[in-house]
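Report on one structure; see the data block that follows.
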Amino acid sequence: MDVQERIKRAQEVMKLSNREMASHLGIQEDEYLRQLDNPDREFYEALTGTFGISMTFLMEGSGPIFDWRPLPISSILAFRDERDWRQFHTPKDLAISITLEASELLECFQWSAGDLVVGEHKAAMEEELADILIYAVSFADAIGSDIPTIIREKLAKNGAKYPVEKAWGTAAKYSDFEKE
């Protein structure tokens, strides 16, 4: 896959048209298409800075497509507030909703031979995952937590429980490491 194909792949994942890509980059669509045909370092940097596309992915085709992607937290909360639903978004009810949506995601695998069904159920899985994430953002707001902060803190805690030298290539629980 060449660099133009990698850019188009990232664009597909984001579900953005050429016009939308150009608009986010602050250029006209024809300019975007010209730069896409002959990308330079400045164009790569604009793609990474604007969309979070990984420079390693762009240049080498390896690693994840994105280094970072912002969650549309304000859009989620605005959607809720426009409908006056905050009154119903108690921590208890949001926790229930997260669990129910997670069960609906699991339903995509019911009566299947395992992960083989991902391709045929991907759209349904994405919808259920979106519901889970929307409720998770609402839950974080309801309890006054900052998502990036709690994720960083949990990754640090998990890093201590699952040191690379003990956890590499194993699905064992951290408590099993303590027995060694």
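The values are calculated or read from the model by the stated rules, or taken from the named source; none is laboratory data. On a predicted model such as this, the values are computed, not experimentally measured, just so you know. Reconstructed Cβ throughout: ideal geometry from the backbone, glycine too, with neighbour counts over all protein chains shown.
Some points to look at:
- Top-ranked residue of the stretch 43-60 - restricted to ones that are under 17 Å from the mean Cα position of the chain (by Cα) and among the hydroxyl-bearing types (Ser, Thr, Tyr), ranked as nearest to residue 27 (Cα to Cα): 50
- Answer residue from the stretch 5-45, given it is in a loop (DSSP other than H, G, I, E, B) and among the charged types (D, E, K, R) and is farthest from residue 55 (Cα to Cα) among those: 15
- Selected residue (only one of 26, 49 is closer than 26 Å to residue 149 by Cα and surrounded by fewer than 12 Cβ atoms within 10 Å (Cβ to Cβ)): 49
- Residues satisfying the criterion are present in the stretch 73-84 (criterion: in a loop (DSSP other than H, G, I, E, B) and either farther than 30 Å from residue 43 by Cβ or of a type in the set (Lys, Arg) (or both)).
- Residue check, residue 101 under 24 Å from residue 68 (Cβ atoms), of a type in the set (D, E, K, R), in a helix (DSSP H, G or I) and without any contact (Cβ under 8 Å) to a residue 40 or more places away in the chain: no
- Counting only residues that are under 15 Å from residue 64 (Cα atoms) and either at pLDDT 95 or above or touching an Asp or Glu at 6+ places or on another chain (Cβ under 8 Å) (or both), the stretch 13-47 holds 1 of them.
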